[in-house]
1. Would you be able to say whether some residue in the range 40-53 is of a type in the set (A, V, I, L, M, F, W, C) and touching a Cys at 6+ places or on another chain (Cβ under 8 Å)?
2. Quick one: which of Leu40, Leu26, Leu50 is in contact with a Pro (Cβ under 7 Å, 6 or more places away or on another chain) and at pLDDT below 95?
3. Does the range 36-57 contain at least one residue that is part of a helix (DSSP H, G or I), surrounded by 15 or more Cβ atoms within 10 Å (Cβ to Cβ) and in contact (Cβ under 8 Å) with a residue 60 or more places away in the chain?
4. I'd like the full set of residues that are in contact (Cβ under 8 Å) with a residue 24 or more places away in the chain and surrounded by 15 or more Cβ atoms within 10 Å (Cβ to Cβ), limited to the range 81-102.
5. Every residue in the range 59-85 that is over 18 Å from Pro96 (Cα atoms), modelled with pLDDT under 95 and assigned to a helix (DSSP H, G or I), please.
6. State which residue pairs qualify: first residue closer than 18 Å to Gln20 by Cα and inside the range 59-80, second residue of a type in the set (Phe, Trp, Tyr) in any location, beta carbons under 8 Å apart, and separation of 6 or more residues or different chains.
Amino acid sequence: MATTRSSIDSPLAIEIALRQEKVGALRRVGDTLEKMLGELKELERQLRTLTGPARAKPLAAYHQLRADAEYQRWCLVVQREAMGLFNHSEVDLMYPVPPQLK
């Protein structure tokens with residue numbers, strides 16, 4: 001049975017399935033991070049209007065959500081590296097984690 005060059009270069013079905021799963025995982029992590037960053041923006045907007053003791057609980061929530069977003073961003077970078085993507089400048093542009101608030 002002769003094998004043509006094109007069949008040697010074609011990915012196997014399992015390779016295609018693995019690539020699809022990697023892309024799906026990357027998308028899920030990105031979607032979660034995007035949602036978290038939106039929630040952070042909303043909390044930051046609310047915090048600008050609060051002072052004194054009323055600010056303490058929303059500020060703690062902001063810090064926790066920010067830490068969670070940083071972890072999710074790290075997960076995104078790990079997923080990208082698993083796919084062979086090592087330049088993360090696009091991640092910095094698309095998913096900027098806001099600064100710490102005091």
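The values are calculated or read from the model by the stated rules, or taken from the named source; none is laboratory data. Not measured: the values here are computed from a predicted model. Cβ: placed from backbone, ideal geometry, glycine included. Neighbour counts: every protein chain shown.
1. No, the range 40-53 contains no residue that is of a type in the set (A, V, I, L, M, F, W, C) and touching a Cys at 6+ places or on another chain (Cβ under 8 Å).
2. Leu50
3. So far as the range 36-57 goes, yes, one or more of its residues are part of a helix (DSSP H, G or I), surrounded by 15 or more Cβ atoms within 10 Å (Cβ to Cβ) and in contact (Cβ under 8 Å) with a residue 60 or more places away in the chain.
4. Within the range 81-102, Tyr95, Val97, Leu101 meet the criteria.
5. Listed by number, the residues that qualify are Glu81, Ala82.
6. Matching pairs, first to second residue: Leu76/Tyr95; Arg80/Phe86.
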